[in-house]
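Trainee: Just dropping this structure here.
The values are calculated or read from the model by the stated rules, or taken from the named source; none is laboratory data. All values reported here derive from a predicted model rather than from experimental measurement. We place every Cβ from the backbone using ideal geometry, glycine too, and count neighbours over all the protein chains shown.
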């Protein structure tokens with residue numbers, strides 16, 4: 001009977017991980033800007049999470065736990081590849097082809113390019129806050145830095161993005177209408 005309960009618990013846990021996969025993928029892609037690498041990072045995250053599911057003490061902290069695993073795997077990848085700088089030469093081939101959404105796709109492309117130019121510590125914090133929707137406390141736990149550092153990095157990242165996007169608007173490439181989403 002206990003084995004059956006364990007099998008059901010394992011199946012439920014796998015389903016909860018699968019439900020979070022798309023969100024993990026979006027964050028991983030925002031860090032590496034490579035579809036196959038992002039998929040590999042998420043796959044490895046899921047594998048480690050399932051393998052170490054017994055270490056998860058509280059189900060309420062599952063998101064923070066999963067993103068911490070993803071961040072560790074990303075840092076391991078960077079360490080192995082010897083990349084301590086940003087990845088610039090990545091093109092985004094997912095642009096929409098509709099005339100009605102052309103301007104919006106241009107803006108999205110410019111924002112992605114601006115995020116790519118951020119230093120990695122700022123990029124990690126801004127993607128966790130603005131793309132994944134984590135609170136400052138959750139980001140501090142995921143990245144393992146003080147909450148004040150999260151706030152200052154997020155402020156600097158947003159200031160940097162604002163300056164980059166205003167520069168583009170000044171060149172006539174973007175409309176001058178920046179607003180806070182959150």
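Trainee: State which residue is surrounded by the fewest Cβ atoms within 10 Å (Cβ to Cβ) when the search covers only the range 43-57 and only residues that are in a loop (DSSP other than H, G, I, E, B) and modelled with pLDDT under 80.
Mentor: 57
Trainee: Out of all the residues in the range 123-132, is one or more assigned to a loop (DSSP other than H, G, I, E, B), surrounded by 11 or more Cβ atoms within 10 Å (Cβ to Cβ) and either modelled with pLDDT under 90 or not assigned by TED's automatic domain parsing to the domain that holds residue 41 (or both)?
Mentor: Looking through the range 123-132, at least one residue is assigned to a loop (DSSP other than H, G, I, E, B), surrounded by 11 or more Cβ atoms within 10 Å (Cβ to Cβ) and either modelled with pLDDT under 90 or not assigned by TED's automatic domain parsing to the domain that holds residue 41 (or both).
Trainee: Identify, by number, the condition in (1) surrounded by fewer than 14 Cβ atoms within 10 Å (Cβ to Cβ); (2) modelled with pLDDT of 90 or more that residue 149 doesn't meet.
Mentor: Failing condition for residue 149: (1).
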